[in-house]
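Let me begin by presenting the structure, written as structure tokens, before commenting on it.
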Amino acid sequence: MPPAMDNSIRALKGVGDRRAALFEKWGISTVGDLLRLYPRDYEDWSHPLTVGEAPFGEPCCIRATALRAPAERRIRRGLILYKFEAGDAGARMTVTLFNSKYAADRVKAGETYLFYGVVGGGFTHREMSSPKIEPEEGEARIHPLYRSTEGLTSRVIENCVARGLEGMEREGLPDPLPEPLRRQEGLCSLTEALRSIHFPADQPALERARYRLIFEELLVLQLGLLRLKSRSRAASGVRILQDYTPDFTARLPFILTGAQARAMADCLRDMRAGPPMSRLIQGDVGSGKTAVAAGVAYSVIQNGWQAAMMAPTEILAEQHYKSLSALLEGNPLLGEEGIRVGLLTGSLPAARRRETLAALAAGEIQLLVGTHALLSEGVDFARLGLVITDEQHRFGVEQRALLAAKGDNPHLMVMSATPIPRTLALILYGDLDVSVLDELPPGRTPVATFAVDGRKRERAYGYVRKHLDQGRQGYIVCPLVEEQENGEETLTAASLASAVEVERKLAEGPFRGYRVGLLHGRMKPVEKERVMNAFSAGEIDLLVATTVIEVGVDVPNAVIMVIENAERFGLAQLHQLRGRVGRGRYASTCILISDAQNEEAVRRLKVMCETNDGFRIADEDLKLRGPGDFFGRRQHGLPSLRLADLSGGGDMRVFQRTQQLARSLLEEDPALERTEHAALAQEVRRLFAQVGEQGLN
Ligand code: ADP
Ligand code: MG
């Protein structure tokens with residue numbers, strides 16, 4: 001028989017196919033998984049009050065005796081009240097239950113119960129509406145509250161967890177944190193922690209459990225990250241002795257900003273000697289990161305090496321491919337040799353893919369641009385010297401490691417537009433040197449941004465037409481959020497239909513007579529390419545698009561953007577979207593249309609109107625959304641944490657402590673192979689399984 005923890009949750013009494021399926025939706029399939037489903041809050045039933053002691057207006061637990069059985073009263077169709085009096089020697093209260101025959105039937109006159117809820121009314125007449133009611137016996141303790149769903153209430157989960165814990169007590173559980181380490185750090189055992197996180201005896205027990213579990217979670221995170229990043233700094237990198245960036249800048253149609261020139265110089269200095277470069281180029285949208293990457297790649301290639309650039313979407317990869325080929329490929333009229341640029345995406349026809357891979361392996365393609373398809377097997381470089389990831393925040397941390405593994409200690413350049421809080425930067429990029437592009441190319445004016453409600457839509461369209469009439473271009477972004485899956489966009493059939501619908505309505509209505517195009521993630525790659533090319537070439541005036549254009553798309557003549565249902569987007573995303581305009585010498589405008597009334601949405605839109613500063617936006621984002629979401633995988637490619645909060649509070653101290661510990665653990669046992677580390681290694685694999693196992697080795 002497998003150890004209890006690896007058993008399917010179906011082994012638990014009370015879990016049948018239906019509940020198992022619901023659990024599985026949350027990624028819970030074994031008893032062990034279930035025990036790691038931590039409560040999101042607690043109800044303290046441990047010290048029941050008398051009716052007279054109970055405070056008004058806040059949740060509490062009262063011990064009282066039902067004086068009468070509940071009386072049923074039908075108020076109207078679909079609303080039945082059950083009322084009864086409950087009390088003790090000192091006072092009494094009226095208890096009302098709504099439509100819950102089941103709960104009412106359990107209440108017997110003369111029996112004593114625990115009531116959990118909020119007391120209302122006044123001193124002469126106390127009442128409690130819809131309290132939770134449990135028999136006195138065995139219930140006076142702290143109760144866990146779990147996330148719940150239709151068919152899986154917190155109480156049901158609590159019972160399942162209780163049975164799972166019984167199994168754990170019987171069979172024991174391997175503890176990822178070895179005994180000596182626990183003793184040294186003053187941490188309780190895993191069994192104790194799991195028991196107390198679900199059913200704490202008291203507040204201190206809960207604190208001990210939380211501390212121990214957060215410690216474990218962060219240690220596991222650190223170990224995983226360190227192993228991903230463990231590129232030997234001692235190894236020497238490819239030496240790039242000759243600096244060819246002056247030749248490159250001479251080809252550019254513009255003059256580099258000071259920040260761009262500094263960033264390039266930083267990279268060239270890194271690559272001259274010593275360990276491979278690991279550098280983050282951080283610059284707000286539109287700061288000109290591509291040119292920096294191209295210049296550095298150019299130098300590496302002229303020194304006889306290959307370079308790879310990975311972008312998060314096909315549209316962006318195509319665009320880089322086009323602009324880099326134009327810039328770097330030779331001019332036969334001038335007798336120039338030039339650089340051969342290749343493109344690799346998931347949708348390349350098989351024949352072209354074969355051809356590309358062969359040319360790559362032969363070293364003929366010198367710069368390969370692509371999506372995460374670059375990571376796939378069979379993509380072999382002859383002499384990979386430089387790896388660049390564009391818009392790194394859209395990749396998982398492990399993906400840059402995977403790409404780097406395609407060469408022998410290649411130099412690494414990571415580009416990101418998302419300004420992130422310092423703590424998060426430390427986690428994601430702690431091993432990188434940083435160059436900041438803190439200067440925008442000259443002549444840019446901030447994008448004027450307005451938030452309006454739907455009644456102003458026609459006026460907004462009129463304003464767009466005015467710009468189109470002057471030869472400029474624009475975007476209308478539909479609120480069809482496309483989810484990222486393996487770097488590819490997906491769109492449901494329903495929203496797909498409405499994207500098409502929106503485009504048709506606009507083309508036949510307010511934008512009749514203009515050239516209107518449509519771009520969404522479900523289109524065939526050749527279609528996408530055709531539309532993007534036409535838009536870049538100025539053959540389309542107005543592009544109706546989904547969030548596929550969120551990152552990287554660069555058409556400087558596009559100066560106006562309307563974002564429909566703007567409240568549906570997060571701040572970071574709005575900032576990225578808005579970054580598609582304001583990229584050239586024309587003053588640009590962004591109009592956010594939203595009828596939302598809720599405070600948070602209004603606040604977000606206000607922030608957008610007030611500032612173009614990515615760092616301020618990131619800070620506001622963190623404040624508004626809270627750390628849970630912010631640290632979520634969608635934003636930054638980190639595995640999501642269950643308990644720890646890294647937004648700058650107390651858990652940061654644990655974070656730093658675990659960082660030291662992880663380092664010394666890996667020094668002793670680099671592959672975590674020792675028996676006493678087996679359970680720990682398993683947890684590392686489990687946490688990073690969400691982000692792709694292969695990245696770990
Ligand atoms: P991002 O940092 O958002 O990736 P890009 O590299 O796409 O920005 O550059 C944004 C736009 O600015 C592009 O059209 C690019 O050609 C242009 N650009 C970049 N550097 C300069 C510069 N020094 N002077 C003028 N335009 C520039
Ligand atoms: Mg870019």
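The values are calculated or read from the model by the stated rules, or taken from the named source; none is laboratory data. The model shown is predicted, which means the values in this text are computed figures rather than measured ones. Counting neighbours? That spans all protein chains shown, and the Cβs are built from the backbone with ideal geometry, glycine included.
With respect to Arg212, determine if the residue is under 24 Å from His411 (Cα atoms), without any contact (Cβ under 8 Å) to a residue 60 or more places away in the chain and not aliphatic (A, V, I, L, M).
no
What strands (runs of 3 or more DSSP E), lying completely within the range 401-507, carry at least 3 residues that are closer than 30 Å to Glu377 by Cα and at pLDDT 95 or above? If you could, list the steps in order and put the result at the bottom.
Values: elements: 411-416, 433-437, 448-452, 473-477, 483-485, 488-490.
Once the strands (runs of 3 or more DSSP E) in the range 401-507 are filtered for at least 3 residues that are closer than 30 Å to Glu377 by Cα and at pLDDT 95 or above, nothing remains.
Condition first: part of a loop (DSSP other than H, G, I, E, B) and not β-branched (Val, Ile, Thr). Can you find one or more residues in the range 318-331 that meet it?
yes
Considering only the range 47-85, how many residues are assigned to a strand (DSSP E or B) and not basic (Lys, Arg)?
18
Could you please find all residues in the range 1-24 being surrounded by fewer than 14 Cβ atoms within 10 Å (Cβ to Cβ) and in contact with a strand residue (DSSP E or B) (Cβ under 8 Å, 6 or more places away or on another chain)?
Asp6, the sole residue that qualifies.
Mind telling me which of the residues Val156, Val238 ends up being β-branched (Val, Ile, Thr) and surrounded by fewer than 20 Cβ atoms within 10 Å (Cβ to Cβ)?
Answer to the selection: Val156.
Taking the range 434-481 as the region of interest, how many residues are within 16 Å of ligand 1 (Cβ to nearest atom), surrounded by fewer than 18 Cβ atoms within 10 Å (Cβ to Cβ) and of a type in the set (S, T, N, Q)?
Within the range 434-481, residues that are within 16 Å of ligand 1 (Cβ to nearest atom), surrounded by fewer than 18 Cβ atoms within 10 Å (Cβ to Cβ) and of a type in the set (S, T, N, Q) number 1.
I'd like to verify a number: residues in the range 274-291 that are touching a residue at least 40 places away in the same chain (Cβ under 8 Å) and more than 6 Å from ligand 1 (Cβ to nearest atom), how many?
9
Answer yes or no as to whether Gly335 is closer than 24 Å to Asn533 by Cα and at pLDDT below 90.
Taking the combined requirement at face value, the residue does not satisfy it.
So, in the range 524-557, of the ones that are away from ligand 1 (no atom under 16 Å from the Cβ) and assigned to a loop (DSSP other than H, G, I, E, B), which residue ends up surrounded by the fewest Cβ atoms within 10 Å (Cβ to Cβ)?
Per the stated criteria, the residue is Lys524.
Yes or no: the range 651-664 includes at least one residue that is more than 28 Å from Ala566 (Cα to Cα), at pLDDT 65 or above, of a type in the set (A, V, I, L, M) and within 21 Å of the chain's Cα centre (by Cα).
yes
Quick one: is Val300 of a type in the set (Val, Ile, Thr), within 16 Å of ligand 1 (Cβ to nearest atom) and at pLDDT 95 or above?
Considered against the rule, which asks whether it is of a type in the set (Val, Ile, Thr), within 16 Å of ligand 1 (Cβ to nearest atom) and at pLDDT 95 or above, Val300 comes out as no.
Of the residues in the range 518-534, how many are closer than 19 Å to Arg472 by Cβ and either without any contact (Cβ under 8 Å) to a residue 24 or more places away in the chain or over 30 Å from the mean Cα position of the chain (by Cα) (or both)?
Matching residues across the range 518-534 total 3.
For the range 255-266, indicate whether the set of residues that are surrounded by 17 or more Cβ atoms within 10 Å (Cβ to Cβ), within 13 Å of ligand 2 (Cβ to nearest atom) and not basic (Lys, Arg) is non-empty.
For the range 255-266, residues surrounded by 17 or more Cβ atoms within 10 Å (Cβ to Cβ), within 13 Å of ligand 2 (Cβ to nearest atom) and not basic (Lys, Arg): present.
Taking only pairs six or more apart or across chains, which ones have beta-carbon atoms under 7 Å, a first residue in the range 431-459 that is closer than 13 Å to Gly582 by Cβ, and a second residue that is within 16 Å of ligand 2 (Cβ to nearest atom) and among the hydrophobic types (A, V, I, L, M, F, W, C)?
So the pair list comes out as Pro441/Phe254; Val447/Val581.
Tell me which of these Glu527 doesn't satisfy, since it passes every other one: (1) away from ligand 2 (no atom under 16 Å from the Cβ); (2) touching a helix residue (DSSP H, G or I) at 6+ places or on another chain (Cβ under 7 Å); (3) over 28 Å from Gly454 (Cα atoms).
Condition (2) is where Glu527 drops out.
Restricting to the range 368-400, give me the number of residues that are buried (at least 21 other Cβ atoms within 10 Å of the Cβ), outside any helix (DSSP H, G or I) and away from ligand 1 (no atom under 16 Å from the Cβ).
9
Restricting to the range 256-290, what's the tally of residues that are under 27 Å from His575 (Cα atoms), at pLDDT below 95, not hydroxyl-bearing (Ser, Thr, Tyr) and not in a helix (DSSP H, G or I)?
9
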